[in-house]
There are 2 protein chains.
Amino acid sequence: MPRVAVDVLLKREILDPQGRAVEEALPGLGYEGVHEVRVGKHLELVVEAEGEELAARVDAMCQGFLTNPVIESYRWRVIDESERADA
Amino acid sequence: MPRVAVDVLLKREILDPQGRAVEEALPGLGYEGVHEVRVGKHLELVVEAEGEELAARVDAMCQGFLTNPVIESYRWRVIDESERADA
């Protein structure tokens with residue numbers, strides 16, 4: 001069964017206070033030269049579906065529950081075992 | 001300058017209550033057959049560095065500030081404009 005990674009960010013035109021806070025904190029911590037920081041959600045999940053059915057179900061979940069489509073954008077991809085963020 | 005996407009999840013052996021809550025809510029909302037839900041953070045940022053220097057700086061930021069390495073794992077990759085979650 002495919003493992004899906006979903007990334008969610010606030011839309012570009014929406015202010016992201018958390019991203020702003022991270023960006024402003026970095027130089028003081030010694031991390032210079034980092035810009036355009038945006039902070040959002042990352043989900044990984046296993047879905048019992050393949051191909052077009054998988055795409056339809058992931059998009060339905062993202063639009064209907066996992067994101068707020070008014071203010072957030074998302075992108076998803078199928079990942080293998082080695083691409084898990086907790087691998 | 002490269003744009004970097006960082007995905008952060010709790011380590012596998014750490015209970016993820018948010019992931020559990022999402023997983024348990026999905027069937028009641030009509031989304032059956034979804035398992036192993038984990039919820040974490042997704043960051044996108046632009047870094048003034050390339051190659052090995054980029055890798056060293058991103059890893060230092062992740063380990064020193066953006067994640068809690070005791071309980072969280074992360075993975076990062078360079079993305080292009082079309083791969084932005086808010087593209």
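Pairing the Cα long axis of helix A:51-61 with the longest principal axis of chain A, what angle in degrees results, from 0 to 90 and rounded to the nearest 10?
The angle comes out at about 50 degrees.
Averaged over every viewing direction, what's the projected area of the C-alpha convex hull for chain A? Give it in nm², one decimal, please.
It is 7.1 nm².
Read phi for every residue in segment A:23-37 and hand back ³J(HN,Hα) as whole Hz from Karplus 6.51 cos²θ - 1.76 cosθ + 1.60, θ = phi - 60°, with x for Gly and Pro.
Ordered by residue, 3J(HN,Hα) equals 4, 6, 7, 4, x, x, 9, x, 9, 8, x, 10, 9, 6, 6 Hz.
What's the total accessible area buried between chains A and B, using a 1.4 Å probe, rounded to the nearest 100 Å²?
Counting both chains, the buried surface is close to 3900 Å².
Can you give me the C-alpha center-to-center distance between segment A:1-78 and segment B:1-34, rounded to a whole angstrom?
Using only Cα atoms, the two centres lie 11 Å from each other.
With a 1.4 Å probe and all protein chains left in place, how much of the accessible area of segment A:3-83 comes from carbon and sulfur atoms, in whole percent?
That share works out to 52 percent.
Report ³J(HN,Hα) in whole Hz for each residue of segment B:7-22, in order, from the Karplus equation J = 6.51 cos²θ - 1.76 cosθ + 1.60 where θ = phi - 60°; Gly and Pro get x.
Whole-Hz 3J(HN,Hα) from phi for segment B:7-22: 10, 10, 10, 4, 4, 4, 7, 9, 4, 10, x, 5, x, 4, 5, 4.
Percent of alpha carbon pairs in the protein assembly as shown separated by more than 28 Å?
Within the protein assembly as shown, distances greater than 28 Å cover 21 percent of Cα pairs.
The values are calculated or read from the model by the stated rules, or taken from the named source; none is laboratory data. What you are looking at is a predicted structure, and each value in this text was computed from that prediction instead of being measured. Ligands, DNA and RNA are excluded from the accessible area calculation, which covers all protein heavy atoms including side chains. Shrake-Rupley method; radii C 1.70, N 1.55, O 1.52, S 1.80 Å.
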